[in-house]
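Some notes on the structure that comes next.
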Amino acid sequence: MLDTLPQSLALIFGLEGLMVLLFGTALGIVLGALPGIGSTVAVAIVLPFTLGMGQAPAILLLLAIYAGSVYGGSISAILINTPGTPQSAATCLDGFPMAKRGEAGLALGWATSASVIGGLCSAVVLILAAPQLAAFALNFGPIETFALILLGLTCIVSVSEGSLLKGLLAGVLGLFLATVGGDPITGEARFTFGQFQLIAGFNLLAVVIGVFALSEVLIRAASTLDQAAGVNAFRGIVLPSWSAWRGRLGGLAKSVLIGNGIGVLPGTGAATAAFISYAEARRASPRRENFGRGEPDGLIASEAANNAVTGGALVPTMALGIPGDAITAVMLATLTLHGITPGVRLMSDQPVLMGAIFAGFFLINLMLLPLGMAVSRLAAPLLRLREAYMLVTITLLCAVGVYFVRGNPFDLLVMALAGIGGFLLRRQGYPMAPLVIGMVLGPTLEISLRQGLILTDGSFAAFFSGHPIALGLSLAALAMLALPLYRAWRRSA
Amino acid sequence: MVVSERALVALVLLLGGAGLAYTAYGSGGFADLGGAFSPMFFPRIVLAVWLALALVNLVLDLRQGAEGPTLPPLRAGLIAVAVLAYVQLLIPLGFFLASVAFAVVALPLLGVRNIPMIAALALAVPGALVALFNHTLAMPLPTSPFVWWL
């Protein structure tokens, strides 16, 4: 990859590359700051804009939206006590009290500095870990791939929010949706019920936009809608001085490590990392009694960890083609739309593109500092917008996004039905990330299982004899399923 | 016994899975290929797991009784109907007109009572999107037989 680094850098530092990074990061910050949009919806609604772009600018734009939106969530968390993204929920705990006592600029300064450091470290993790993991996975055949996807799915289900059973059911629903349409081996139509539009299967992005963005509109419509929020006085970001950092660097390093570690695990996500990091900081900080009353240590813990997750979450996505969460599932779908097959061969087949992605992701996190300072002042007035305006705009953007993927009116109907179905399921505690990830991984799971069985003359037991990696991965998958059951049993006992 | 919305959703999932499993296991129209070669091999496994999980899920949800959220408010239902109508009208009416109509219906449902604001937003957001996609990005949105000049 080092041989092709000049070409990769040329992709980033060309006019288009730089414009995409600047615009994408700024837009990501604004979208992340708007409560109710969140990183997944932000990435999903920006997706249609990438369809007319080349591979590298399209992926860089979505990465910029992703990293920008995770940081942007801290703006509304601090200024109006409403996290723009779930990842910033822990930021409210100390950010809002600081804003209330007139230190909104300084609170955002701490959040921005911690986010930039967390994000940069996560970019390093992505650059170092993804090629190693992909190189290891190059030896995988269909049996190992099957076991790996099984492990990925169980990981995601067992650690996702809500009950294990509902998570599993959502994952299985996603696997089923992936089977609708032509059989990948024989080409025969399955579950199309005479509808020719279904022969190509459900459009993944129509389902993703439906279950995440449109269902969010309906959930918000079902709840008490916010009027224009009261925004704390804010005249721009004030960065903390070097001396103010003294005594806090250890906590920052610990938060970054927590975020990096959790990010690589499929399914856990930035919100979990932020809360774990916050709890650890409160336990270890010499200023623990100030937590919840505007303590910068709390802000650092939350923001460093949630941004440190971003690069880690991209490691299994890029290296193995297994998305770690809903956002990376959307990214994976986008890569596929642009003719890129994520997974073990991506690093060796497209070194220029991968180099651009790695270097671009580092640059995006570096840009968070100046852009955060500039854009947060513009984003603050937007927080006064009524929620109703945003909900209508999001619905229109959803329709535009789905229409542009294939130009097929049937996809619009799929999006609407997925939105209504997602709304009903989410209200009852069914997580949607396993559904989407099941749908993304379903075709590969099916093909690897069937190819494996053909290779072993139909013997499933042979999957584990002579395939130590598959055996290890399958045992890990079993353990991931057994762990929550064991915990539940211990609690009840 | 009061059946909660949660149990109702669980029941729909079970019945849906059962119906699909009936189709999958009873399908005779597929090429007679055995084992892993059969197009229904993988869906049958998935549906069997679906049925088992949905059954346990229903039992647990029924045991919980009427806990969980009550039926969604009428507003969410009306917005859902408006979204369904919108996606159906998007191609025949074109993006601009269908979006204006959707915004005019949805904004009052979402509590906006200021008529000039409804009119302004209903025209401005679709108009801005048409300007951006049709004229700046050269990615045309569905056109209307009535406002083709947009």
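The values are calculated or read from the model by the stated rules, or taken from the named source; none is laboratory data. Note that the structure is a prediction, hence the values are computed from the model and not measured. Methodologically, a virtual Cβ is constructed for each residue, glycine included, from the backbone with ideal geometry; neighbour enumeration extends over all protein chains shown.
Show the residue pairs that are 6+ apart or on different chains and have beta-carbon atoms under 8 Å apart, the first residue being within the stretch A:162-185 and within 7 Å of another protein chain (Cβ to nearest Cβ), the second being among the acidic types (Asp, Glu) and crowded, with 19+ Cβ neighbours inside 10 Å. Qualifying pairs under 8 Å: A:Thr179/A:Glu446. The residues listed here are B:Ala54, B:Ala98; of these, the one that is at the interface with chain A (Cβ under 7 Å from one of its Cβ atoms), buried (at least 19 other Cβ atoms within 10 Å of the Cβ) and either out of contact with any strand residue (DSSP E or B) (no Cβ under 8 Å at 6 or more places or on another chain) or not in a helix (DSSP H, G or I) (or both) is B:Ala54. Of all the numbered requirements in (1) within 26 Å of the chain's Cα centre (by Cα); (2) on the phi < 0 side of the Ramachandran plot, B:His135 misses one, and that requirement is (1).
Residues that are at the interface with another protein chain (Cβ under 9 Å from one of its Cβ atoms) and more than 30 Å from A:Leu150 (Cβ to Cβ) number at least 2 in the following helices (runs of 4 or more DSSP H) confined to the stretch A:350-465: A:387-406, A:409-427.
Here is the figure for the stretch A:193-222: residues that are within 17 Å of the chain's Cα centre (by Cα) and facing another protein chain (nearest Cβ under 10 Å) total 1. Within this structure, B:Leu62 passes the test of being more than 9 Å from chain A (Cβ to nearest Cβ) and farther than 27 Å from A:Pro409 by Cα. Going through (1) on the phi < 0 side of the Ramachandran plot; (2) modelled with pLDDT of 85 or more; (3) assigned to a loop (DSSP other than H, G, I, E, B) one by one, A:Phe193 falls short only on (1). Every condition in (1) more than 21 Å from the chain's Cα centre (by Cα); (2) at pLDDT 85 or above; (3) surrounded by fewer than 24 Cβ atoms within 10 Å (Cβ to Cβ) holds for A:Leu225 except the one numbered (2). A Cβ distance below 6 Å, combined with a sequence gap of six or more or placement on separate chains, defines the contacts here; from the stretch B:115-131, residues that are under 15 Å from A:Thr395 (Cα atoms) reach residues that are part of a helix (DSSP H, G or I) and among the small types (Gly, Ala, Ser) in the pairs B:Ala122/B:Ala103; B:Pro126/B:Ser99. Of these, A:Ile12, A:Ile45, which one is within 14 Å of chain B (Cβ to nearest Cβ) and farther than 20 Å from A:Thr112 by Cα? The unique qualifying residue is A:Ile45.
Filtering A:Phe358, A:Phe423 for residues that are modelled with pLDDT of 80 or more, within 30 Å of A:Pro131 (Cβ to Cβ) and not basic (Lys, Arg) leaves a single hit, A:Phe358. In the stretch A:181-199, what residues are of a type outside the set (D, E, K, R) and either buried (at least 16 other Cβ atoms within 10 Å of the Cβ) or within 19 Å of B:Ala36 (Cβ to Cβ) (or both)? Selection gives A:Gly181, A:Gly182, A:Pro184, A:Ile185, A:Thr186, A:Gly187, A:Ala189, A:Phe191, A:Thr192, A:Gln197, A:Leu198. Only a single item in (1) outside any loop (DSSP other than H, G, I, E, B); (2) at positive phi is not met by A:Gly292, and it is number (1).
Taking the numbered list (1) over 30 Å from A:Ile276 (Cα atoms); (2) crowded, with 24+ Cβ neighbours inside 10 Å; (3) modelled with pLDDT under 80; (4) not charged (D, E, K, R) in turn, A:Leu51 passes all entries but (2). The residues of the stretch A:61-101 that are of a type in the set (Val, Ile, Thr), farther than 20 Å from A:Leu47 by Cβ and modelled with pLDDT of 85 or more, listed by number, are A:Ile75, A:Ile78, A:Thr91. Just one of the numbered conditions (1) closer than 30 Å to B:Gln64 by Cα; (2) within 14 Å of another protein chain (Cβ to nearest Cβ); (3) among the hydrophobic types (A, V, I, L, M, F, W, C) is not true of A:Cys155: (2).
Within the stretch B:106-123, being in a helix (DSSP H, G or I) and within 10 Å of chain A (Cβ to nearest Cβ) holds for B:Ala106, B:Leu107, B:Pro108, B:Leu109, B:Met117, B:Ile118, B:Leu121, B:Ala122.
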